[in-house]
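The values are calculated or read from the model by the stated rules, or taken from the named source; none is laboratory data. This structure is a prediction, so every number in the text was calculated from the model and none was measured. So basically every Cβ, Gly included, is an ideal-geometry build from the backbone, and we count neighbours across all protein chains shown. For the accessible areas, the whole protein counts, side chains as well, though only heavy atoms, and no ligand, DNA or RNA atoms are used. Shrake-Rupley method; radii C 1.70, N 1.55, O 1.52, S 1.80 Å.
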Amino acid sequence: MPTKKLLSPLTLALTLLAAPVLHAGPAFVGPENCKSCHKDEYADWERSKHARAFELLQAGKRKGAKKKAGLDPDKDYTHDQKCLKCHTTGYGEPGGFESIETTAHRAGIGCEMCHGPGERYREIHKTQRLDFKRADTKAAGQTYGSEDPQVCKKCHGHADSPFTSKVDDKYTDDVGALMKQNFRAFHDFYELIGDH
């Protein structure tokens, strides 16, 4: 019977290091990579409810709303997977939030939760500046909650969310209504320059 030849530990290690890193899609790059060109949007976002969404998971925050939704107001939800996917940026995805201890810079709802992971479309922004076409960045993965309600519905209206219109009308999953009533939830809409 022939014997199987095993790889030496060194050969195995080199093989694994040389293998391409595979992941489901583009990586999250973080709002710090958006602010140099999008200063006004970034400043608006920093003051927004979305930027502070992670804080709502801490014990004692928004007691009334948590009670109505059946949540324990004294419980810390900052490590609850059901909450993290909508209160952080890119939870469980390449470059996204892992934990408050290791990736605090991805806590809160950053640019890419509405505009998609920036790894691919950011390169177009950087290399072409104002000469790119919006269709090119959309093809590379850029999304717009103002154009596609499904972007917002990933969280607003998600089955795991305890915050529904049954708890309070302000928790509607009607994206148009959300954008009208929660103008401080994200950044102001700035006029597009050219075709982007």
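Identify all residues within the range 70-113 that are within 27 Å of Ala139 (Cα to Cα), part of a loop (DSSP other than H, G, I, E, B) and hydroxyl-bearing (Ser, Thr, Tyr); write none if there are none.
Correct list: Thr89, Tyr91.
Filter the range 28-43 for residues that are part of a helix (DSSP H, G or I) and open to solvent by 30 Å² or more (accessible area, probe 1.4 Å); which is farthest from Tyr121 (Cα to Cα)? So that I can check it myself, show each step before the final result.
Initially, the range 28-43 is screened for residues part of a helix (DSSP H, G or I), giving 31-33, 39-43.
Restricting the remaining residues to those that are open to solvent by 30 Å² or more (accessible area, probe 1.4 Å) gives 32-33, 39-43.
Values: Glu32: 15, Asn33: 12, Lys39: 18, Asp40: 20, Glu41: 17, Tyr42: 18, Ala43: 21 Å.
Within the range 28-43, the match that is farthest from Tyr121 (Cα to Cα) is Ala43.
Does at least one position in the range 167-182 carry a residue that is within 25 Å of Gln58 (Cβ to Cβ) and modelled with pLDDT of 85 or more?
no
Conditions first: (1) at pLDDT 60 or above; (2) open to solvent by 100 Å² or more (accessible area, probe 1.4 Å); (3) under 27 Å from Cys114 (Cβ atoms). Leu56 passes all but one, so which condition is the exception?
(2)
Kindly establish whether Asp148 is at pLDDT below 85 and either open to solvent by 30 Å² or more (accessible area, probe 1.4 Å) or of a type outside the set (D, E, K, R) (or both). Step through it out loud before you land on a result.
Values: at pLDDT below 85: yes; either open to solvent by 30 Å² or more (accessible area, probe 1.4 Å) or of a type outside the set (D, E, K, R) (or both): yes.
Spelling it out, Asp148 is indeed at pLDDT below 85 and either open to solvent by 30 Å² or more (accessible area, probe 1.4 Å) or of a type outside the set (D, E, K, R) (or both).
Of Thr137, Thr127, which residue is loosely packed, with under 13 Cβ neighbours inside 10 Å, among the β-branched types (Val, Ile, Thr) and more than 20 Å from Glu55 (Cα to Cα)?
Working: Thr137 fails: loosely packed, with under 13 Cβ neighbours inside 10 Å.
Just a single option satisfies the conditions, and that option is Thr127.
The rows are residues; the columns are (1) over 19 Å from Gly30 (Cβ atoms); (2) open to solvent by 60 Å² or more (accessible area, probe 1.4 Å).
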{"site": "Asp72", "(1), (2)": "yes, yes"}
{"site": "Lys85", "(1), (2)": "no, yes"}
{"site": "Ala107", "(1), (2)": "no, no"}
{"site": "Gly116", "(1), (2)": "no, no"}
{"site": "His156", "(1), (2)": "yes, yes"}
